[in-house]
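Peer 1: Got a structure for you, questions after.
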């Protein structure tokens, strides 16, 4: 469409297209260079990183996978005792359930709010919708106290300590909780717009809500679910605040993003390997980005309110 | 290595068993509840579909938010009331003053700069061939975590003592133009702006993409008609294009304000809030988890909540009018 307009409406030429191309490509290069710098740095030897800037290394290429080997497997005892591989695994272990659980629970709730008639459903939907304004920071402390100490009224224990603080479940759960308002809201929009005739026909044929949900709603809601899953996946993978609060920072549960944050303060050889560690961390979302770009954009746009 | 295997296998076992149990429980409940007919069928379906979400929202958001408000009027250990002390502390503490100034700078500079650059690029992109390549590259940083972005810029802002080879891009450029590089992260107030650049770098693509979509949605005949009337260039942009994308532009601004208010990862990773760069969300975290003062931390969280709410309400309302996920 833009090509057609460019050819036939000279008035749309706010800037001549050559100037536009110049501006766009200049900014694009500026925008891309920092990432390129990290990538090049990560393939340099320890000595080289400190000895010459990365752009001169491009002229005298001498690249190595040393940093990646060290960072991944951790045979360098000085700074990274165990390597980042366990943390990388933790990130996967955290991200999968923390994406699947909220999306499934939200899809169910969205269906109930959209297609099961009951009194107060609109009020309930609006209340959930409004919860989006509560920042994470409002929940952190009380939720952590709930995990470690349970809930009490006076001296009466109404809920025992969950004992999941510092456990994977203790990270899945907050992610699931915090994802719900936005996920329910967006999926509700999606599911409520499915054709009414289809639902009614299914009910006339004797299908109950469970069957309608599985046979009609789930398959038709896949595009919405996919977009939201990508957003949630990236949100969890890139999260720092929840990881710092609910994972103890140890090799057992902490994700790679929080490990990386803790490495930043270290200089010397740890510093040279930081580049490789960082690239390993951002590689996963970048792969998601370049392979699922269309869904990715859709998911991000849909989820923009959260960020 | 064998150590690694013995610790990794249980992790994956726990993931897959958790997912398996989750779906198994759902399947069993669905199968049982699906057999109920008659009057009870609907309430049971409703409970099953809606119950889990409501319990999680209650336990994870509503009750904690109320407790945080209560904590903000209590002492560091949350076992005695202190009235408004945690709020009056904010008014008088010199460190908080710096935090508030920085946070104010963030919410002014970041949204304006992000939105203006995004609009410029969206307009320009509409004018060039092969727009998808630069668009992808400009949008790419959105996939990178703030921590990852901070490390990328740690290398850009790297400073070596005078006489040594400058390996950071910024120092090298400054040197190239004949000036003396400095230890960027220590130079107030420049360091705060350098941190803002990291945020703008990651978030600009979002504004660009939605503004680009909005510009493409401006009806072609309106543009053509005004072009025939002799409008061109800047006038066309000011009179036709901009008014039609104005609400999207404001959404981009508002999103920037909320993001800048909550900025935490960048400041924590780059400076830890030191050297005069501290901001609200980082101070909230340090009060609770470094100073162990739940009272002050909660009060800061409440302030954040109060600042974010009106903007988000506006944003959500506008977005709700404009688009649904499709």
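The values are calculated or read from the model by the stated rules, or taken from the named source; none is laboratory data. This structure is a prediction, so every number in the text was calculated from the model and none was measured. Every residue, glycine among them, receives a Cβ derived from its backbone with ideal geometry; neighbour counts consider all protein chains shown.
Peer 1: Condition first: in contact (Cβ under 8 Å) with a residue 40 or more places away in the chain and farther than 24 Å from residue B:314 by Cα. Can you find one or more residues in the stretch A:119-139 that meet it?
Peer 2: no
Peer 1: Here's a follow-up. So which of B:171, B:179 is surrounded by 19 or more Cβ atoms within 10 Å (Cβ to Cβ) and out of contact with any helix residue (DSSP H, G or I) (no Cβ under 7 Å at 6 or more places or on another chain)?
Peer 2: Criteria check complete, one pass: B:171.
Peer 1: Could you go through the stretch A:46-61 and let me know if any residue there is more than 9 Å from chain B (Cβ to nearest Cβ), under 30 Å from residue B:19 (Cβ atoms), out of contact with any strand residue (DSSP E or B) (no Cβ under 8 Å at 6 or more places or on another chain) and outside any helix (DSSP H, G or I).
Peer 2: The answer is no, given that none of the residues of the stretch A:46-61 is more than 9 Å from chain B (Cβ to nearest Cβ), under 30 Å from residue B:19 (Cβ atoms), out of contact with any strand residue (DSSP E or B) (no Cβ under 8 Å at 6 or more places or on another chain) and outside any helix (DSSP H, G or I).
Peer 1: Say whether the condition of being modelled with pLDDT under 95 and either within 8 Å of another protein chain (Cβ to nearest Cβ) or closer than 30 Å to residue B:14 by Cα (or both) is met by at least one residue in the stretch A:101-112.
Peer 2: Taking every residue of the stretch A:101-112 in turn, none turns out to be modelled with pLDDT under 95 and either within 8 Å of another protein chain (Cβ to nearest Cβ) or closer than 30 Å to residue B:14 by Cα (or both).
Peer 1: Do any helices (runs of 4 or more DSSP H) entirely within the stretch B:31-144 hold 2 or more residues that are within 10 Å of chain A (Cβ to nearest Cβ) and farther than 30 Å from residue B:236 by Cβ, and if so, which?
Peer 2: B:41-57, B:63-71
Peer 1: Answer with yes or no whether residue A:120 is more than 10 Å from chain B (Cβ to nearest Cβ), surrounded by fewer than 18 Cβ atoms within 10 Å (Cβ to Cβ) and modelled with pLDDT under 85.
Peer 2: So residue A:120 fails the test.
Peer 1: Find the residue count for the stretch A:30-45, including only residues that are more than 9 Å from chain B (Cβ to nearest Cβ) and in a helix (DSSP H, G or I).
Peer 2: Of the residues in the stretch A:30-45, 5 are more than 9 Å from chain B (Cβ to nearest Cβ) and in a helix (DSSP H, G or I).
Peer 1: So, restricting to helices (runs of 4 or more DSSP H) that lie completely within the stretch A:180-274, which ones have at least 3 residues that are within 17 Å of the chain's Cα centre (by Cα) and touching a residue at least 24 places away in the same chain (Cβ under 8 Å)?
Peer 2: Helices (runs of 4 or more DSSP H) meeting the threshold: A:218-238, A:241-246, A:256-263.
Peer 1: For residues that are farther than 12 Å from residue A:247 by Cβ and surrounded by 22 or more Cβ atoms within 10 Å (Cβ to Cβ), scanning just the stretch A:87-100, find the one that is nearest to the other protein chains (Cβ to nearest Cβ).
Peer 2: Looking at the filtered set, the residue picked out is A:97.
Peer 1: Of everything in the stretch A:203-229, what is under 30 Å from residue A:142 (Cβ atoms) and facing chain B (nearest Cβ under 10 Å)? Give them in sequence order.
Peer 2: A:228
Peer 1: For the stretch A:97-118, give me each residue that is closer than 23 Å to residue A:197 by Cβ and either in a helix (DSSP H, G or I) or within 18 Å of the chain's Cα centre (by Cα) (or both).
Peer 2: Once the filter is applied, which keeps residues that are closer than 23 Å to residue A:197 by Cβ and either in a helix (DSSP H, G or I) or within 18 Å of the chain's Cα centre (by Cα) (or both), the stretch A:97-118 yields A:107, A:108, A:110, A:111, A:112, A:113, A:114, A:115.
Peer 1: Which ones in the stretch A:186-229 are surrounded by fewer than 23 Cβ atoms within 10 Å (Cβ to Cβ), farther than 17 Å from residue A:112 by Cα and in contact with a helix residue (DSSP H, G or I) (Cβ under 6 Å, 6 or more places away or on another chain)?
Peer 2: Those that are surrounded by fewer than 23 Cβ atoms within 10 Å (Cβ to Cβ), farther than 17 Å from residue A:112 by Cα and in contact with a helix residue (DSSP H, G or I) (Cβ under 6 Å, 6 or more places away or on another chain): A:226, A:229.
Peer 1: Looking at (1) within 32 Å of the chain's Cα centre (by Cα); (2) in a helix (DSSP H, G or I), which is the one condition that is false for residue B:181?
Peer 2: (2)
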